[in-house]
Every structure is written in structure tokens, then in C-alpha cells.
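Participant: Sharing a structure, written as C-alpha cells. Questions coming.
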Amino acid sequence: MSRYYQSYLSEISDRIEDAEAGRIKLCEQVFDSSVALTTDYEEAKAKISRLVGELDDACERVGLSEGRLADPTKLVESSCAAEAVQKEVAREELKEKSFEVERLNKRIKELDARVTELDDCVAELAKEGQCGAVWG
């Protein structure tokens, strides 16, 4: 009978280790996703700045080539419009990444609940094993 409990405890221990490995992997995926999200956001901000600068330069060149300076109001409006488009693209990418992080967090909670169940089973088996040792 003791061999049965040892085998059962070993199996539960293996399951806990597997669940823990899965939870660690999910945590790593969440971390990797957040790093990628941060990187994507920073790249989008840099791209927006670069595009605004290029747009400013192009508008100024056009204005100078026509013998007059570009209208500052129109320059600001077009820069703002370009920046708004880029921000919207960045927001959509952030939204997609957020959904992925949310899904991974949900999976981590499910695995945590499963590990807790297995911990309870191990505790119960350990308790039963102690009773068996006293009565055996």
C-alpha cells in the first residue's frame, strides 16, 4: 500500500512540475510580449518623429522652390495629420498585443488554479499516508 502512495505522490509531483514549467513558460511569453510591445511602441514613436521631420523638410523645400515660405499653419496641420495616422497605427498594434497579454494572463491563472488543486491533492495524500503509517 505504501508503494501505491509513493507512486501516486510521484505522479502528482510530476504533474506539479509540468504545470509549473508551463506557468514559467507562459510568464516568459508574457515578458517577451511586453518587451516586444515596448520595442514596437518606441519604434513607432521614432518613426513618427522621423516622418514629421521629413514632412517638415519637404514642405519647406516646396515653399522655397516656389519662391515663398510654406504656410506654417498648413505645415503644422499636415504634420499633425501624419502623426495622428501613425499614432492610430501604433494604438492598433498596442491593442493587439494587449489582447495577447490578456490571454496569456488568463492561462496563467488557470494553471495557478490547477497547481493549487494538485497541491491540495498532495497534502491530502500526505495526510492519508501519515495516518496509514500510524495505523499500519
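Participant: In the range 24-43, what residues are closer than 12 Å to Leu111 by Cβ, at pLDDT below 80 and of a type outside the set (A, V, I, L, M)?
Facilitator: Cys27 - this is the single residue of the range 24-43 that is closer than 12 Å to Leu111 by Cβ, at pLDDT below 80 and of a type outside the set (A, V, I, L, M).
Participant: A further question follows. Has the range 70-90 got any residue that is surrounded by 11 or more Cβ atoms within 10 Å (Cβ to Cβ), outside any helix (DSSP H, G or I) and either of a type in the set (Gly, Ala, Ser) or at pLDDT below 80 (or both)?
Facilitator: Yes, the range 70-90 contains at least one residue that is surrounded by 11 or more Cβ atoms within 10 Å (Cβ to Cβ), outside any helix (DSSP H, G or I) and either of a type in the set (Gly, Ala, Ser) or at pLDDT below 80 (or both).
Participant: Going through Ile16, Ile12, Ile48 one at a time, which residue ends up being modelled with pLDDT of 80 or more, touching a Cys at 6+ places or on another chain (Cβ under 7 Å) and among the aliphatic types (A, V, I, L, M)? Reasoning before the result, please.
Facilitator: Numbers: Ile16 fails: touching a Cys at 6+ places or on another chain (Cβ under 7 Å); Ile48 fails: touching a Cys at 6+ places or on another chain (Cβ under 7 Å).
The conditions single out Ile12.
Participant: How many residues does the range 17-32 contain that are more than 26 Å from Glu96 (Cα to Cα) and buried (at least 16 other Cβ atoms within 10 Å of the Cβ)?
Facilitator: 1
The values are calculated or read from the model by the stated rules, or taken from the named source; none is laboratory data. The structure presented is a predicted model; accordingly, all values stated were derived computationally and were not measured. In this analysis, Cβ positions are derived from the backbone assuming ideal geometry, glycine residues included, and neighbour counts consider all displayed protein chains.
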